[in-house]
1. Which entries in B:K35/B:K61; B:K35/B:K99; B:K157/B:K180; B:K110/B:K180 show an alpha-carbon gap greater than 19 Å?
2. Please give the net charge around A:N341, taking every other residue with its beta carbon less than 13 angstrom from that of A:N341, where Lys and Arg add +1 and Asp and Glu add -1.
3. Under a crude label model (7 Å from the Cα following the beta-carbon direction), how far is A:K460 from B:V163 in nanometres?
4. Given the whole protein assembly as supplied and a 1.4 Å probe, what does the accessible area of B:C106 come to in Å², nearest 10?
5. Suppose each label sits 7 Å from its Cα in the direction of the beta carbon; what would the B:W76-A:V35 distance come out to in nanometres?
6. Rg/Rh for region A:2-156 to two decimals, with Rh computed the Kirkwood way over all alpha-carbon pairs.
7. From the backbone phi of region A:172-188, what are the Karplus-calculated ³J(HN,Hα) couplings (6.51 cos²θ - 1.76 cosθ + 1.60, θ = phi - 60°) in whole Hz, Gly and Pro given as x?
8. Give the long-range amide H neighbours of A:I3: residues separated by 5 or more places, or on another chain, with amide H under 5 Å away, using H modelled in the peptide plane at 1.01 Å from N.
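The values are calculated or read from the model by the stated rules, or taken from the named source; none is laboratory data. Keep in mind the model is a prediction, meaning the values are calculated, not measured. Every residue, glycine among them, receives a Cβ derived from its backbone with ideal geometry; neighbour counts consider all protein chains shown. Each accessible area value is taken on the protein alone, full model and side chains, heavy atoms only, with ligands, DNA and RNA left out. Shrake-Rupley method; radii C 1.70, N 1.55, O 1.52, S 1.80 Å.
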Amino acid sequence: MTIRRQYQLPNCSLILDGLSIDSTPGDEEVMSLLVNAECRISGLERSLNGNYSFFSALVRAVSQYSQELLSGFAHPQVIEDETLLVHINPGDGPYHHLVVQPEIADLGESGDGRAIDIKLSSVQLFDLSEAVDQFFDDTQTLPELEPLLSPLPRRFVRTEEPLSDRALPAVLGIGGLVAATVAIGLLPVPKAPNPAKADRPDQPAQISDATSTNSANDKSSNRPPTGDGTEPAVDGLAAANLSSPLWDKAPRITDETKLAALQQTLESKITGSLAPNANFTEVLDYQVAVNEAGELVGYRFGNDAALRDVDNTPLPKLARANANAQGLEKAAIAQYQVAFNADGIAVSPWQDGTAVAAAPAVDSSPTADPAKTTQPAPANSPANSTVAFDDAPPTTPPDLLEVEALNNQLKQTIVENRNQPRVGSATTYRVRFNQAGEVVAYSPVDSDASTAVNETPLPKLLTAAPKNEPAVDYRVVFTERGVVEVSPWWGWSRYE
Amino acid sequence: MQVQSPPTVQPSEPQLIDQLATPNGVASECSRRAKTQIDFLLLAIEALDLGGAEAMLAAAKELGLENVVQGRVNLWLLRSSNPLRRFSQREPMSLSEGKALVLITCFLAKRLTVLIRQLLLGYQQLSDQGLSFEHHFRLSDYLSRFRSHFRARMNAKRAGVIVYATDEKLNELAIELLTKLLFCTGTDGANRLWVSLFDGEVS
């Protein structure tokens, strides 16, 4: 039996068409199946039509937003883990915005794929809310939909102190931090003792040579940033293979069987020459290059601990044979990531943390730009051209406000473009975002992230843009619970 | 207004108050914010209706809430539990007293529905045209009355009151309260208002 129910208010009416599927006496009048829900709002040319999912999302959003108006605290308008189909946002002055996703509401031919945004005045909104309450009050229509009024849990509510009171401690704290940063910046950089020089007197020429190349070729060196832009004290030997042309120019071995064989050789070499009492409390991360003969020709540091504790690893010893060799960049190399940790060592193919997929750049002369290290794309990465993330912090940082605005914009873009919040292990990406609000490059930070890249909206968002356009790098984390976190790659403090 | 038949009121009294269910996990008395919120809404009603204070007592009788709101002095004491008041009593407000005041607020708001809607429509038109409130006689009347009630009764030294130091801020508050009163006029208004008073109070 078809049933029609109407809830009419001066500015809004809800018309429900449905069926009763229960034939027990007394229940024939209960609408238990909704065929179509129509919501007419005065001043709106067409009415909103939709099915059950539209209607249940609508009544929930309206009911929750009414509570928000009464208490002043934002209420979640969707049950956790569900897509947000209907949402009401506060607007300016007496207005509110009812936003309906296009997939659930039928607007006729005017639907252009964008969310429908209806501006409602407070009185219109109240009429809508009242129509919904009258529906809730009517036990004969879709009795399973209930208002579920409950107070907002504490965790959703921010403190009631006025903003000025809340901001004061933060301002004092940030001010103190800034003062401390300035004070520390004024101190001279301590000179680190140079054990390499004392230990290995046979290599002085190489050291000085390398250090000078190093400072000249500053940007391509893989070096942890220092807060105030000064050069960190680099261990003499450590610098030896850092900036040689090896990394930039040497051809890469691409044969996969050879790569696998070399990986095994490297692993056994390192394990074999590891000091028996070696104990790594922190993870030491290296990028290691091996030539076709399986000899270790160079290595770079992946983190600060790797630089500090390099003498505890067998890498300097293994690389010594090639430390003075010239013309290394002419032979093909294979790159591996070697991590020393408390459990032992882990050797894995280098995931090209610096070379990433990028849209074909308008300026397609990657090698002409000395600031960028270009590396061949690994076999499993998208085969289009690559752009490089250098590891030097930006020399002329854009101002904080802009970085902040772009930060929010990037987050917004990602959230709007993802299909479903991604649940699973956290994945991190480095994303370059330009001032026009386009993602111009991204790079997975680890192997987990590179396998999960297609579950993120990043490939879709990638846009071609001139390479030299100002852009800011961000760290984008998709957390275990599906939350997107965005922060500047070099930290907020760089932009203050 | 005199009540015609007090005896019949007795049985209905517990029922009316019981319609408002106490949410799970709330304290046994109304929070600071609830006390402030209720008093502000009643203040807005007074600004809408000159005889508002009398109407509250009459409403209490009509709704059969005399046991909870016992006359003028008790009503004044209850409203003075608002911590922002100049002569705040710092008295606790029990849940049933809170419920009674919520019912009175919604009862009076329903009576004033037409006026509330007119004023909100007027505010909407003024803000569409970018005009000041003076162009709407009833609205500016309500706002100025609200401002003077507010300034006369609230303790200007409290941080919660200092934020409303300017006319503009007080006008904003008055409009916000008017919108809240509109939502109190609905079918489920009393329940909605009552539940909203505990937002952020449960874990």
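1. Numbers: B:K35/B:K61 21 Å; B:K35/B:K99 11 Å; B:K157/B:K180 26 Å; B:K110/B:K180 12 Å.
Flagged as over cut-off: B:K35/B:K61; B:K157/B:K180.
2. Details: positive: none; negative: A:E282, A:D285, A:D309, A:D343.
Net of charged neighbours comes to -4.
3. For A:K460 paired with B:V163, the spin-label model returns 3.9 nm.
4. 10 Å²
5. So the label points at B:W76 and A:V35 sit 6.4 nm apart.
6. Dividing the radius of gyration by the Kirkwood radius yields 0.97.
7. Each residue of region A:172-188 in turn: 4, x, 5, x, x, 5, 4, 4, 5, 4, 4, 4, 5, x, 6, 5, x Hz.
8. So A:I3 has HN proximity to A:G18, A:L19, A:S20.
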